[in-house]
Each structure stands twice: as structure tokens, then as C-alpha cells.
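Enquirer: Please see the structure below; I have some questions.
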Amino acid sequence: MKPQMKSRIEVTFIYIFFAIMFVVIGYPLFWAIMMSVNPGTNMLVTDLFPDNPTLEHYKWLFTSPSSDYLIWYKNSLFVAILNSVGSVVITSLVAYAFSRYKFYGRKYGLYMFLLLQMFPALMGMVALYILLNTIGLTDSLWGLLLIYLGGQIPFNAWLVKGYFDTIPKELDESAKIDGAGHLKIFWTIMLPLAKPILAVVALFNFMAPFMDFLLPRIVLTSPENFTLALGLFNFINDQFSTNFTRFAAGAILIAVPIALVFLLLQRFLISGLTSGATKG
């Protein structure tokens, strides 16, 4: 077979693969959008292309007295913003310590971070609930936030530590000669150079409270404290519930703040996603 023909066949298969992936990924999203503009509430009678599309379900989410959607949205934004900011601060400090300091237990601490990533979060749910119950933070957004902040440390610290290792230590030494302390080196040198990987950490931890269902399901019990994933689940949880179109409308709106944060951090993300953990 001629090289030119072989190349064309390879390109054709690549395009076919991308087309299949586009259908697999895009079809559920397209169906959810179409369902959200269908009249009625039952999923079984909705059309992929409705004859009379409506925005009534979106209006109901924000105006109906029986809808707590705005409360759930506010709760999710509250947890997401604090989780994103807090994760960046905690992760960068932990990663800086492991990257630049030599102390007893440093090596085994890194191994522990790596080991903790191998166990699913579900294994610790009972212990986490008992811990929150002991300190009186069950059914509290602050308790949920505490678990998010603690749970993100092993993976993100390992990721950011790998990025910090790629920053030449000669920069630290030059700054020390000029009289800079550790805090100033961290603030003026390390953080500006680590913006790409910190943007990745910020985005992932902003997304987590919007996507997570299991942990809020265990921690939160009052409807006024629900996050979006947990609140929307109640639309279709009851045996005789038929709020599938309202569920679709609420799910589509979850993408709005995530998309805004993504656009805000976009210029840092491409380099950040490919730069973490390049050194051990």
C-alpha cells in the first residue's frame, strides 16, 4: 500500500473515531437541552424536537414558591467558591513545603499522599460522618466544605508539588541573596510562576460541589442546605415524580458558572493540565 493511501485511511479512521465520540458525548447533552424546553413534565412523552418549545420550566425554577432552586444554587456557589479559593491556598502551601523544604518524614509523606489516592472516597464516608457529628457540623455547608478541603489535599498537593519542582531553585537562591524570606519567595516567585497549575486546581475544585451527589447526600438533610446535585435529585426521586423536564432545565443551568470560570482561567489551563507531576 502506498504511503499516501495509508495516510488517507488513517486520517479517515481518526475522523470516524472523533465523529463517534462527538455523538456519544453530544447526544445526551442535546437530549437534556431539548427535554428542558419540552412542554409537560413527563420524560416518556417528550420529543427530541418539540413542536411548541417553551422556557416555562426555567421560569418555574426561579419564580415558583415551591421551588428551592435559587437556594440550592446559592449553596452550591458558596461551597464552590470557598472550596476553590481554599484549595488553592492550602494546596500551594503544602506543595511548597514538600518541594522546597527538607524535613523528617517528607519522603513518607509523599508516599502517603500517593497511597491515599488509591482508595475510593466511599470507604471513608462513615468515618467522615462520625467526625462531623462529633464536632457538630452535620447538616452544615461548613462541614461539607471542610471535607472537600481536606479531601483534595493528597492529589492536588502531589500535582502542584511536581510543578513546583520544575521551577529552578536558583531563583530562590537569588532571592535569598537579595534578602527575601521564605514567605516573600513563595508569594512573589513561586505563585506567579505556578499560575497554570493553580488554575487547574481552582477549576477542578470549583466544579466538585456542583457535580458531587454522594457526599452531600450523606452530610446534608435539610432542604434549605441542599446543593444543586442533591436538590435536583429530589425532582425525580419520588416514586410518582414526573419532574424530568424541570430536572433537565436545572441541570443545564449548572453549566453556566462552570463555563464562566473556565473562560476566566482558560489561558492558564492548557499549559497547566500538561505540566503537573513531571518530576517526582
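The values are calculated or read from the model by the stated rules, or taken from the named source; none is laboratory data. The structure displayed is predicted, hence computed values, not measured ones. Using ideal geometry, Cβ is built from the backbone for each residue, glycine included, and neighbour counts are taken over all protein chains shown. Note: areas computed on protein heavy atoms with side chains; ligands, DNA, RNA excluded. Shrake-Rupley method; radii C 1.70, N 1.55, O 1.52, S 1.80 Å.
Enquirer: Grab the Cα-Cα distance for Lys102 and Ala180, subtract it from 0.36 nm times how many residues apart they are, and report the gain in nm with one decimal.
Expert: 26.2 nm is the gain from fully extending Lys102 to Ala180.
Enquirer: Here's a follow-up. Using Cα pairs under 8 angstrom and six or more residues apart, how large is the relative contact order of the chain, in percent?
Expert: 30
Enquirer: Out of the total accessible area of the chain (probe 1.4 Å, heavy atoms of protein only), what percent is carbon and sulfur?
Expert: Roughly 70 percent, rounded to a whole number.
Enquirer: Let me ask something additional. Among Ala202, Ile33, Ala180, whose Cα sits farthest toward the positive end of the charge dipole of the chain (+1 at Cβ of Lys/Arg, -1 at Cβ of Asp/Glu, about the Cα centre)?
Expert: Working it through, the farthest residue towards the positive pole turns out to be Ala180.
Enquirer: Which is the longest part of the chain that has none of the trypsin sites (Lys or Arg not before Pro) sitting in a DSSP loop with at most 16 other Cβ atoms within 10 Å?
Expert: The longest such stretch corresponds to 103-278.
Enquirer: Let me ask something else about it. Just Asp172, Asp51, Asp139 to compare: in a GNM of the chain, with alpha carbon springs under 10 Å, which one fluctuates most?
Expert: Asp51
Enquirer: If I model a spin label as a point 7 Å beyond the Cα along the Cα-Cβ vector, how far apart are those points for Ile81 and Trp142 in nm?
Expert: The modelled label-to-label distance comes out at 1.8 nm.
Enquirer: Between Lys195 and Leu263, what length comes free when the chain is fully extended (0.36 nm per residue of separation minus the Cα-Cα distance, one decimal in nm)?
Expert: Net length gain for the segment: 23.0 nm.
Enquirer: Now for a different question. Given springs between every Cα pair under 10 Å in a Gaussian network model of the chain, which of Met190, Met35, Met123 has the largest fluctuation?
Expert: Evaluated over the chain, the most mobile residue of the options is Met123.
Enquirer: Of Phe119, Phe49, Phe30, which has the most accessible area with a 1.4 Å probe, and how do the rest follow in descending order?
Expert: Phe49, Phe119, Phe30
Enquirer: Along the charge dipole of the chain, which of Val256, Val88, Thr227 sits closest to the positive end, that is, farthest toward it, with unit charges on the beta carbon of Lys, Arg, Asp and Glu (+1, +1, -1, -1)?
Expert: Working it through, the farthest residue towards the positive pole turns out to be Val88.
Enquirer: Tell me, what HN-Hα J-couplings in whole Hz come from the Karplus equation 6.51 cos²θ - 1.76 cosθ + 1.60 at θ = phi - 60° for each residue of segment 153-165, using x for Gly and Pro?
Expert: In residue order, the calculated couplings are 4, x, 5, 5, 5, 5, 5, 6, 4, x, 6, 4, 5 Hz.
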